[in-house]
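These notes are about the structure you will find just below.
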Amino acid sequence: MREPPAVSLVCFDLASLVIDGSIVERAFAEAIATEGIVVGTQDYVRSMVRLDRARGRPPADVLQEIFDGEEPRAQAASLAFDRSFRAAAERYGMTVPPDAVAALTKAAASGAKVCLLSGLSGAACGDLLDELCRPGIADLALCADDAPRGFPWPDLVLTAMLRLGTPDVREVAMVSATENGLLSGWRAGASIVVAIDSGGRGPQVGATHVLENVAALPDLIISGG
């Protein structure tokens with residue numbers, strides 16, 4: 001029987017691994033406040049619960065659901081989110097943690113290409129993705145605008161394959177700390193779907209492997225699973 005191809009593309013979801021969840025929550029709260037959903041109301045609580053359950057998905061998609069049937073409000077809130085997140089990211093700065101840099105560098109040394117993925121829009125990210133790629137840890141960075149649909153759909157993973165010339169989806173490893181990111185890799189057909197689970201939640205939907213931290217990723221990539 002023919003052996004499956006080795007991993008030649010690692011897709012690394014930035015959500016919860018690089019992007020501070022508290023900044024996302026703050027920007028989201030500011031966004032819905034522009035449309036009258038403020039702290040202390042039931043609508044605010046429901047909206048923040050919806051955001052928490054949708055971790056990894058594009059905030060614009062979540063806002064579309066909250067303002068269902070009210071497209072102008074959804075678009076206005078989405079623009080407000082982009083402005084708030086970008087301002088916070090510029091103020092506090094964001095970097096890839098040293099352990100993630102080491103893991104991705106080792107994965108690249110094995111011959112694999114690396115693509116950073118974000119469920120945020122290009123307007124929200126600003127120069128963030130380019131800055132994260134600058135240390136040379138990734139060959140490509142994609143945001144939600146770079147594909148027709150964001151997580152949990154497979155579009156970003158498949159777009160990374162097309163951009164980087166990966167010939168076989170079985171050569172793809174998807175790494176995420178969110179269920180929606182994992183589902184994206186699983187739906188794309190990636191042979192390795194890695195959940196980074198520092199909280200010890202155990203098996204996760206769509207994951208083929210669960211790691212407590214990203215340091216163990218290179219050995220998994222090099223061994224091909």
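When restricted to residues that are crowded, with 24+ Cβ neighbours inside 10 Å, among the hydrophobic types (A, V, I, L, M, F, W, C), out of contact with any Asp or Glu (no Cβ under 9 Å at 6 or more places or on another chain) and more than 18 Å from Arg86 (Cα to Cα), segment 5-43 contains 3. Among residues that are in contact (Cβ under 8 Å) with a residue 60 or more places away in the chain and either closer than 21 Å to Val62 by Cβ or among the acidic types (Asp, Glu) (or both), Val175 is not included.
On inspection, Ala123 does not qualify as surrounded by fewer than 22 Cβ atoms within 10 Å (Cβ to Cβ) and out of contact with any helix residue (DSSP H, G or I) (no Cβ under 8 Å at 6 or more places or on another chain). Of all residue pairs spaced 6 or more apart or on separate chains, those with beta-carbon atoms under 6 Å, a first member in segment 124-139 that is farther than 14 Å from Thr105 by Cβ and of a type in the set (A, V, I, L, M) and a second member that is crowded, with 16+ Cβ neighbours inside 10 Å and modelled with pLDDT of 80 or more are Ala124/Asp82; Ala124/Phe85; Ala124/Arg86; Leu128/Ala89; Leu129/Ala141.
Within segment 143-164, residues that are outside the structural domain of Val62 (by TED's automatic domain parsing) and closer than 17 Å to Pro59 by Cβ reach partners that are modelled with pLDDT under 95 and β-branched (Val, Ile, Thr) with beta carbons closer than 8 Å, at six or more positions or on different chains, in the pairs Phe151/Thr178. Checking each residue in segment 40-50 for being at pLDDT 95 or above and either closer than 19 Å to Ala89 by Cβ or not in a helix (DSSP H, G or I) (or both) picks out only Thr41.
The values are calculated or read from the model by the stated rules, or taken from the named source; none is laboratory data. For clarity, every value in this text was computed on a predicted model and none was experimentally measured. In this analysis, Cβ positions are derived from the backbone assuming ideal geometry, glycine residues included, and neighbour counts consider all displayed protein chains.
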